[in-house]
Amino acid sequence: MSPQDRPLQPNLAIARVRPLDKVTEVGNSRLRRGWTTGACATAAAKAAYMALLTGEFPDPVEVTLPRGERVSFALAVTRKEADSATAGVVKDAGDDPDVTHGALVLATVRTAAPGSGVTFRAGVGVGTVTRPGLPVPPGEPAINPVPRRMICDAIAEVAAAARGSGDVEVEIGVADGERLAARTLNARLGIVGGLSILGTTGIVVPYSCAAWIHSIQRGIDVARAAGLDHVAGSTGSSSEAAVQKFHHLPDIALIDMGDFVGGMLKYLRRHPLARVTIAGGVGKMTKLAQGLLDLHSKRGSVDLAALAGFAEAAGASEALVQRITAANTAAEAFAHAAAASVMLGDQVARTARETAADVVASSDIDIEIVLFDRDGRLVGHAPFGSHHETAPPRNRR
């Protein structure tokens, strides 16, 4: 079999980058960094264009990342035809739990009309933008600006070395990308048909959650571009379903913020909307009331003494305060308060709203907090228009 017609071999043993193999310290672990879909697409496009001009695929193929690092990618697929060449790289996300880890990123390069420069096309498994507000306009392939620039630079480098014109059509695809995209927020963002080609540095830092933050920001951008004045950020699917029903919100107004309430609010401070609802369960919203802006369990836990202080501010008896202090979980504490008809959820919501309002204090954003139990019932509410109320001091006990 000719090495210029290598079959699809999507395994990491073939495609792992060399020679650069960085690690990141996370806790006590040394985790291996990976490579973005944008970096993989750039490597595949460069190899394909070199083959189109010279008949030979460089393997490994070396590309320059946005910060100047030169890294080499092995090729998993090569295919040469009369008027096009295709190369593929298997994405290695390192030790990051990335949905695209192990995905085969393909680039097909074809000669285009003189003077046309580099044009992009969405191949199978890469989405197309259908809504305004994203980094590329509707109708364009979901290939973000930095990967586009990386690919254009790589094409120019090959053109200079092999005396090409640089006028090409670059089609980027991802094997099984449409199925993988169902595990992302692309559909909600208005990206249909597959994945996005992403990356600003070319490097995936393990557990940096950059992709999640990116989705939060793009969701806000899309909502703003659609003219919405109200979005709801939720900690999970249950609270999202509950707040959508509570406010009758369209899907485009829903922001899957997860634990990153601080990241969402800081972006909203720079890109404001009139009204923002924050929705979550009793544990996450109690942590927000405690002043935490990252709600992950590794960043902090529910302080039952603080929760007892909120209950006391809501009118709890000393006996109830003691029961809440001794509770095993936030859910148990809320059950004690409910049994005594003490509106603990409303007090937590008001205090959580103060935390959130502090982040966006320089804007005119109105904040609402809603707490839901595991069955989607509303158990706490700090409504819009009341963010100037004073909450009791945190950690009173």
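The values are calculated or read from the model by the stated rules, or taken from the named source; none is laboratory data. Note that the structure is predicted; figures quoted are calculated from it, not measured. No Cβ is skipped: glycine too gets one built from the backbone with ideal geometry, and neighbour counts run over all protein chains shown. When the accessible area is computed, the model is the full protein with side chains, heavy atoms only, and any ligands, DNA or RNA have been set aside. Shrake-Rupley method; radii C 1.70, N 1.55, O 1.52, S 1.80 Å.
Could you say whether any residue in segment 165-175 is closer than 18 Å to residue 39 by Cβ and touching a His at 6+ places or on another chain (Cβ under 8 Å)? Checked against the condition, which is being closer than 18 Å to residue 39 by Cβ and touching a His at 6+ places or on another chain (Cβ under 8 Å), segment 165-175 yields no hits at all. On the stretch given as segment 134-160, residues that are under 21 Å from residue 83 (Cα atoms) and either in contact (Cβ under 8 Å) with a residue 60 or more places away in the chain or under 19 Å from the mean Cα position of the chain (by Cα) (or both) total 6.
Among the residues of segment 299-325, those identified as closer than 16 Å to residue 342 by Cα and either β-branched (Val, Ile, Thr) or not in a helix (DSSP H, G or I) (or both) are 314, 315, 316, 317, 321, 324, 325. Every test in (1) at pLDDT 95 or above; (2) open to solvent by 50 Å² or more (accessible area, probe 1.4 Å); (3) of a type outside the set (Phe, Trp, Tyr) is passed by residue 180 save one, and that test is (2).
Listed by first and then second residue, the pairs linking a residue in segment 164-176 that is within 18 Å of residue 43 (Cβ to Cβ) to a residue that is among the polar types (S, T, N, Q) and surrounded by 17 or more Cβ atoms within 10 Å (Cβ to Cβ), with Cβ atoms under 6 Å apart and 6 or more places separating them unless they lie on different chains, are 171/108. Within segment 260-313, the residues that satisfy the criterion of being open to solvent by less than 30 Å² (accessible area, probe 1.4 Å) and of a type in the set (S, T, N, Q) are 277, 286.
Of the residues 244, 217, the single one that is free of Cβ contacts under 8 Å to residues at least 60 places away in the same chain, within 22 Å of residue 358 (Cβ to Cβ) and open to solvent by 10 Å² or more (accessible area, probe 1.4 Å) is 217. Entry remark, segment 52-71: residues being assigned to a strand (DSSP E or B) and either touching a Leu at 6+ places or on another chain (Cβ under 8 Å) or open to solvent by 40 Å² or more (accessible area, probe 1.4 Å) (or both) number 5 in total.
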